[in-house]
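Reading through the structure tokens given below for one structure.
What follows draws every value from the coordinates through simple rules; no lab data is involved. Fair warning: this is a prediction, and the values are worked out from it, not measured in the lab. Using ideal geometry, Cβ is built from the backbone for each residue, glycine included, and neighbour counts are taken over all protein chains shown.
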Amino acid sequence: MDGCHWTDGPDASERKGLLQVDVCGEDSSDSQEWDAQAERTWLPACFYDGGEILWTSHSVGPAIPWLWALNIALIIHSALFFILVLLARSCTSGSSYPAAPVWIVVVAVSLLPLQLLAEYQCLCAVLATFTKDMMQWHPTGARFTVMTVPVPVGVWVLYCMSLSTLFFADLLTDSNFSGTMSFSGAEMCSDQTDKIWGYWWEHSVVGMIGVPPVPLDHLVFICWLLTFLQQVVPCATMVRSDRVAYERSNDGKSKALLTGQQLYNDDVFFELGTAAGLHSITLISTNCRWCHVKRLCQTQPWRVMGYAKPLAEQLTKKFFLSYFLEPAVQLNLQACILAINRYQMGYFALVPALSLGLSMFTTALNLAEMRTFFRLWQELGTIVEKAKQHPDIPKEAVPKLEAGLSLWCHRGIYVGVIFLVAAATLFTAGLTIFGAHQCPHGLITLFGCLHRVS
């Protein structure tokens, strides 16, 4: 690579109201540093072929059709898989609730190759740009880490794809759980299940404050609908009113059909990638926008809210849809039903236990991700204070900085509530499983072990 390889067009400059910034300098030193960095991180040829590196909105266009295909396929697959489980479920000996036949696993995993291929195509489109952003503007440089341990980029890609596969498996096991228990599935194999559920509800916190018991199968179906909602909503908000050519070097500037919001290819790319559960794209989405904030800190720090405010909205929406609406109920339902089955049959069923384990693991990962919001919020406060002292800051920029920081404060309260609910959900699910092992009759609430149901 020779010379400066960053390109920017008038549309991209207009997008955030920013002046074009030459971050490459006047010689090829940055190019040489990039080549050395690419070699040190074992960046495969697919991810960087030595060509021109564009802004993210200009580089990700060719991958967006893959994301649309994957998200539409996931929505259809989730609905059909739920219906198929509902129709094929049957009672088995030694279980108090129905189960799907073994052959349904083939249907469940049929979409996994498309997910992995789509994630690979997305990384081909974005990883070179992202790595150079990280090298120049992120505090850790262009290091890729797994559990804070620096690793070659190939190892990081495999790690992310492994987590994407786990999230895919969690989605399928949740659909399988919902399909077996919805529409009278709770009492299909045992007339005691609903009775035990009602007894448990009456002695729980919600029962103590006078909330009447909600039928178990109704709650399970509502949870599945919320899971379905968190797949549909992001896709619906990314449908554009104008036809867009998903070509490299085109930023895809257009308006959203439903909200009227101005969209660019990177907005659609990251939103659809997150909705599809692609772990690598979820990580890159946050870091990419924060790299833009760090870039502006060096030149025009009073304009950082052009990227910081959308980042706050993006994270809050993701946490609410993915980490609050459905997991707050689903995780505890899975734990309760597993404990009820053990109460009646004397053992833990394998498939429900696997589903619960995956849900608890993904919830723990989500809690770790939410901590990132508070770290960025604190760092943004420092950036704003330094921006106010900049000698070239326009007077009208100060209120905008304060308004942006106030937005982060309000969203921080929401994220804090979501964090506490998710942590409490993880605790109560763990308590339920603990009670199933330790209590004489296998049933427990926050008030202690329960007696046998009469």
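List of remarks:
- Of the peptides 258-270, 347-359, the order by per-residue mean of other Cβ atoms within 10 Å, starting with the highest, comes out as 258-270, 347-359.
- Judged by the gyration tensor of its Cα atoms, with axes a ≥ b ≥ c, segment 268-322 is prolate; a/c meets the 1.5 cut and a/b is the larger of a/b and b/c.
- For segment 55-449, averaging the sequence separation of C-alpha pairs within contact (under 8 Å, six or more residues apart) and dividing by the residue count gives a relative contact order of 21 percent.
- Rounded to the nearest whole angstrom, the semi-axes of the ellipsoid equivalent to segment 155-295, taken from the Cα gyration tensor as √(5λ), stand at 41, 18, 15, largest first.
- FRET efficiency, residue 91 to residue 218 (Cβ-Cβ, R0 22 Å, nearest 0.05): 0.60
- Label-point separation in nm, residue 232 to residue 364, each point 7 Å along Cα→Cβ: 3.3 nm
- Working from Cα pairs under 8 Å separated by at least six residues, relative contact order for segment 127-256 is 14 percent.
- Overall form of segment 377-416 per C-alpha gyration tensor (a/c, 1.5; a/b vs b/c): oblate
- Computed log₁₀ I(q)/I(0) - Debye formula, equal Cα scatterers, no solvent, segment 55-449, q 0.09 Å⁻¹: -0.60
- Shape of segment 54-112, Cα gyration tensor, a/c cut at 1.5: prolate
- Length gained on full extension, residue 206 to residue 245: 8.8 nm, using 0.36 nm per residue less the C-alpha separation.
- Förster-model FRET efficiency, 41 Å R0, residue 403 and residue 424, C-beta, rounded to 0.05: 0.80
- Using the Cβ-Cβ distance between residue 192 and residue 79 with R0 set to 30 Å, the FRET efficiency from 1/(1 + (r/R0)^6) comes to roughly 0.45.
- Subtracting the Cα-Cα distance of residue 431 and residue 158 from their residue separation scaled by 0.36 nm leaves 94.9 nm.
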